[in-house]
Amino acid sequence: MWLNIDSFEEYKEVYEHSVENPEEFWDHEAGTFYWRKRWDKTHSGSFKDGDIKWFEGGKLNITENCLDRHLNTIGNKTAFIFEPNHPDSFRRTITYRQLHEDVCRFANVLESKGIEKGDRVAIYMAMTPELMIAALACARIGAVHSIVFAGFSAQSLAERIQDCDAKMLITNDGLRRGEKHVPLKDISDEALEDCPSVNKVIVCQRTNRDIDWVEGRDEWWHLLIRNASKEHEAVEMDAEDPLFILYTSGSTGKPKGQVHTCGGYMVYTSYTFRNVFQVEEEDIYWCTADAGWITGHSYILYGPLLNGASSIIFEGTPTYPDPGRLWEVCDKYNVTHFYTSPTAIRALMKEDIEYVNKYDLSSLKVLGSVGEPINEEAWHWYHDHIGNGQCPIVDTWWQTETGGIMISPLAGVTPTKPGFATLPLPGIQPALMDKNGKEIEGNGVQGNLVIKHPWPGVTRGIWGNQERYRETYFEDYPGFYFTGDGCRRDEDGYYRITGRVDDVLNVSGHRLGTAEIENAIDEHPKVVEAAIVGYPHDVKGEGIFAFMTCDDGVSKPETFKKEIHDLVSKIISPIAKPDKIQIVEGLPKTRSGKIMRRILRNVAAGETDDMGDTSTLLDPTVVDEIIAGKAY
Ligand code: 6R9
């Protein structure tokens with residue numbers, strides 16, 4: 001189980017083997033798990049047809065691999081350490097045995113409430129062990145969990161519940177994040193007004209504030225588990241049965257429900273966790289992501305448990321009660337592996353270095369980065385001040401759709417280079433494409449990043465919309481999976497991700513579609529039309545710039561901006577609020593009515609010297625007006 005690639009030579013050998021004989025490679029990986037029945041066929045389907053399958057005929061339950069399998073060997077080992085929002089609040093550790101019991105209890109509760117294999121269950125919760133228990137209990141009974149980030153609005157929650165027809169919602173009374181209180185149950189109540197599919201709500205107590213109660217629908221978690229048995233026989237699943245749905249933003253329309261499966265996702269997250277981080281028996285691993293994103297799914301929940309690792313669940317924020325919090329937690333638990341986002345690093349490097357120096361970080365062995373490109377300055381600060389110049393940084397490139405890490409150094413194995421995700425993991429075959437759909441060979445080149453050969457963790461579909469799945473990922477470059485990212489391959493063959501080439505923004509590592517934000521802003525009675533672009537932001541990586549045309553001008557810009565913020569927070573989430581707003585006479589549109597975003601991007605970035613060819617615009621004079629205008 002703890003088989004690692006542990007030298008660069010070995011990496012190269014294994015990589016070659018994985019390309020020459022992918023099936024043998026993945027057979028070997030999959031063979032390290034407990035299957036109730038071995039698979040008949042390692043892999044079928046193609047990117048051309050968008051019908052990928054892995055380990056068909058295999059029967060398993062992922063929670064038996066996360067929990068039951070460990071009971072005789074590491075039952076008393078810590079699975080999770082819970083670090084609450086406030087450092088003085090109650091913290092606890094949970095062993096693998098306790099976690100197994102808790103999951104079994106809650107699995108029994110879910111079944112007693114009528115949840116069956118294949119049913120969808122929405123989870124909208126604080127970052128506590130109960131969130132993990134809820135998800136694992138779903139997996140244990142074969143229900144499909146759909147975790148919704150607890151920063152999303154009632155409307156966003158409702159949309160996600162409606163899209164997958166969830167039967168149940170599991171939530172908290174509320175949560176605290178830093179100084180903020182988020183009334184999760186109130187938000188849930190509002191969302192559920194438009195969600196007839198949900199007939200049960202389980203509420204886990206966290207803030208003890210007053211909440212409304214719907215008799216017959218709502219039930220307390222703590223009362224339900226009180227008499228539930230701690231024994232539960234896991235439900236047998238097919239390898240290709242869905243394990244979970246996770247919604248993510250694309251360039252058009254509503255968020256897409258990415259579907260990950262029981263077998264392939266399990267093999268892939270476990271394999272990537274083990275080899276990228278190189279976590280050993282006694283190590284303490286900490287990923288600061290939220291379980292509402294894919295990083296939380298793959299590298300807090302499934303990856304670490306599948307490997308029997310001890311990891312931290314953190315409820316708080318990097319700056320509460322002060323900007324030393326992350327380092328205080330590293331010191332307190334002797335964290336060995338620390339995995340966070342470039343945004344967090346950029347925010348914390350602006351603070352007094354005393355916040356770092358106060359703490360003993362000598363336990364750290366490996367640092368990780370995920371979610372967005374890490375700029376060299378942040379990389380060096382992370383390396384020098386947090387890693388004391390001694391810890392390899394694994395800059396892990398991947399996506400919600402890929403299930404797990406795709407291009408990344410293996411800690412201590414792959415020589416790193418600041419700003420580079422370096423090399424593909426064995427089993428992953430990246431390629432760069434030019435505008436005409438031709439592969440760009442050789443090194444020292446740049447293009448659109450695609451993947452050639454299917455891997456077990458790739459999304460199997462968009463919930464309820466396979467057509468959109470094929471269009472989004474497999475149409476631009478037939479026969480390949482298109483990532484939506486631009487990428488450079490340098491002289492050494494190292495990969496550097498340059499960012500999205502589509503209309504997806506990456507704000508503080510959060511993925512947002514420009515169309516979603518535009519639609520929200522369009523709801524304002526004054527707004528005629530909005531166009532959103534990203535611009536370089538020194539902490540968030542990318543900031544949100546909203547250009548818009550308005551009826552009869554705006555007399556109080558600050559009030560108007562606040563109205564726009566409130567609207568976006570209500571419809572999507574506070575994370576989608578525009579940083580800058582500019583009201584314009586007209587948007588730069590082509591004769592066919594398409595907004596030329598390139599122009600808006602230049603203006604937003606303050607790069608207006610060369611606006612390129614504007615001759616296809618319906619009215620080229622709007623460009624001068626936009627350049628002369630003012631943002632606030
Ligand atoms: C895991 C996750 C995916 C998008 C992806 C890319 C960006 C993620 C990155 C990175 C540069 C890295 N991204 N990791 N860019 N270097 N190490 O973040 O999934 O939320 O789906 O976002 O994030 O643009 O396409 P997701």
Item to check | Tally of residues being outside any helix (DSSP H, G or I) and near the ligand (Cβ under 10 Å from one of its atoms) across the range 282-301 | outcome: 2
Next on the checklist: Is it the case, given these coordinates, that Pro574 is closer than 18 Å to Val507 by Cβ and open to solvent by 30 Å² or more (accessible area, probe 1.4 Å)?
Outcome noted: yes
Checklist entry - Of the residues that sit in the range 233-252 and are more than 19 Å from Tyr124 (Cβ to Cβ) and within 16 Å of the ligand (Cβ to nearest atom), which one is surrounded by the most Cβ atoms within 10 Å (Cβ to Cβ)? => result Gly250
Next on the checklist: Looking only at the range 73-119, count every residue that is of a type outside the set (S, T, N, Q) and part of a helix (DSSP H, G or I) and tell me the total.
Outcome noted: 15
Next on the checklist: Report every pair of residues separated by at least 6 positions or lying on different chains whose Cβ atoms are under 8 Å apart, first residue within the range 366-383 and over 20 Å from Gly486 (Cα atoms) and among the hydrophobic types (A, V, I, L, M, F, W, C), second assigned to a helix (DSSP H, G or I) and open to solvent by 10 Å² or more (accessible area, probe 1.4 Å).
Outcome noted: Leu367/His383; Ala378/Arg346; Ala378/Met349; Trp381/Met349
Item to check | Cβ pairs under 9 Å, 6+ apart, first in the range 88-114 and at pLDDT 95 or above and open to solvent by less than 50 Å² (accessible area, probe 1.4 Å), second assigned to a loop (DSSP other than H, G, I, E, B) and among the polar types (S, T, N, Q) | outcome: Thr95/Asn76; Tyr96/Asn76; Cys104/Ser229; Asn108/Ser229; Gly114/Asn199
Checklist entry - When the range 491-508 is examined, which residues are found to be of a type outside the set (S, T, N, Q) and part of a loop (DSSP other than H, G, I, E, B)? => result Glu491, Asp492, Gly493, Tyr494, Val501, Asp502, Asp503
Checklist entry - What do you reckon, is Ala530 open to solvent by less than 20 Å² (accessible area, probe 1.4 Å), in a strand (DSSP E or B), more than 16 Å from the ligand (Cβ to nearest atom) and outside the structural domain of Ile428 (by the TED database)? => result yes
Next on the checklist: Please count how many residues of the range 159-184 are within 22 Å of Ala107 (Cα to Cα) and not small (Gly, Ala, Ser).
Outcome noted: 10
Item to check | Unmet requirement for Ile123, which otherwise passes all of (1) of a type outside the set (S, T, N, Q); (2) crowded, with 21+ Cβ neighbours inside 10 Å; (3) in a helix (DSSP H, G or I) | outcome: (3)
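For every residue, the table says whether it meets (1) charged (D, E, K, R); (2) open to solvent by less than 40 Å² (accessible area, probe 1.4 Å); (3) at pLDDT below 95.
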site: Gly543; (1), (2), (3): no, yes, no
site: Cys550; (1), (2), (3): no, yes, yes
site: Lys556; (1), (2), (3): yes, no, yes
site: Asp566; (1), (2), (3): yes, no, no
Next on the checklist: Filter the range 486-522 down to the residues that are among the aliphatic types (A, V, I, L, M) and open to solvent by less than 40 Å² (accessible area, probe 1.4 Å) and list them by number.
Outcome noted: Ile497, Val504, Leu505, Val507, Leu512, Ala515, Ile517, Ala520, Ile521
Checklist outcome for this item: For the range 514-527 the number of residues that are of a type outside the set (Lys, Arg) and either in a loop (DSSP other than H, G, I, E, B) or over 21 Å from Leu587 (Cβ atoms) (or both) is 3
Item to check | Residues of the range 486-504 satisfying the condition of being within 11 Å of the ligand (Cβ to nearest atom) and more than 19 Å from Tyr535 (Cα to Cα) | outcome: Tyr495, Arg496
Next on the checklist: Just to confirm my filter: which helices (runs of 4 or more DSSP H) fall fully inside the range 320-381 and include at least 1 residues that are open to solvent by less than 30 Å² (accessible area, probe 1.4 Å) and within 16 Å of the ligand (Cβ to nearest atom)?
Outcome noted: 342-349, 376-381
Checklist entry - Only one residue in Arg511, Arg488 is farther than 20 Å from Gly253 by Cβ, basic (Lys, Arg) and either assigned to a loop (DSSP other than H, G, I, E, B) or under 25 Å from the mean Cα position of the chain (by Cα) (or both), so which one is that? => result Arg488
Checklist entry - Mind checking which pairs have a first residue in the range 386-398 that is closer than 17 Å to Val279 by Cβ and within 14 Å of the ligand (Cβ to nearest atom) and a second that is among the aromatic types (Phe, Trp, Tyr) and open to solvent by 10 Å² or more (accessible area, probe 1.4 Å), Cβ under 7 Å, 6 or more apart or different chains? => result Ile393/Trp379
Checklist outcome for this item: Screening Gly543, Gly612, Gly593, Gly553 for residues that are part of a strand (DSSP E or B) and not charged (D, E, K, R) leaves only Gly543
Checklist entry - Of everything in the range 581-607 that's polar (S, T, N, Q) and modelled with pLDDT of 90 or more, which residue is nearest to Asp522 (Cα to Cα)? => result Gln582
Next on the checklist: Please pick out the residue among Val413, Val450, Val445 that is away from the ligand (no atom under 16 Å from the Cβ), of a type outside the set (Gly, Ala, Ser) and buried (at least 19 other Cβ atoms within 10 Å of the Cβ).
Outcome noted: Val413
Item to check | Yes/no for Phe480 being surrounded by 20 or more Cβ atoms within 10 Å (Cβ to Cβ) and under 30 Å from Asn443 (Cβ atoms) | outcome: yes
Checklist entry - Of Glu190, Glu219, which residue is in a helix (DSSP H, G or I) and either touching a strand residue (DSSP E or B) at 6+ places or on another chain (Cβ under 6 Å) or over 30 Å from Thr472 (Cβ atoms) (or both)? => result Glu190
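The values are calculated or read from the model by the stated rules, or taken from the named source; none is laboratory data. Quick caveat: nothing in here was measured; it's all calculated off a predicted structure. So basically every Cβ, Gly included, is an ideal-geometry build from the backbone, and we count neighbours across all protein chains shown. Protein only, heavy atoms only, side chains kept; ligands, DNA and RNA dropped before computing areas. Shrake-Rupley method; radii C 1.70, N 1.55, O 1.52, S 1.80 Å.
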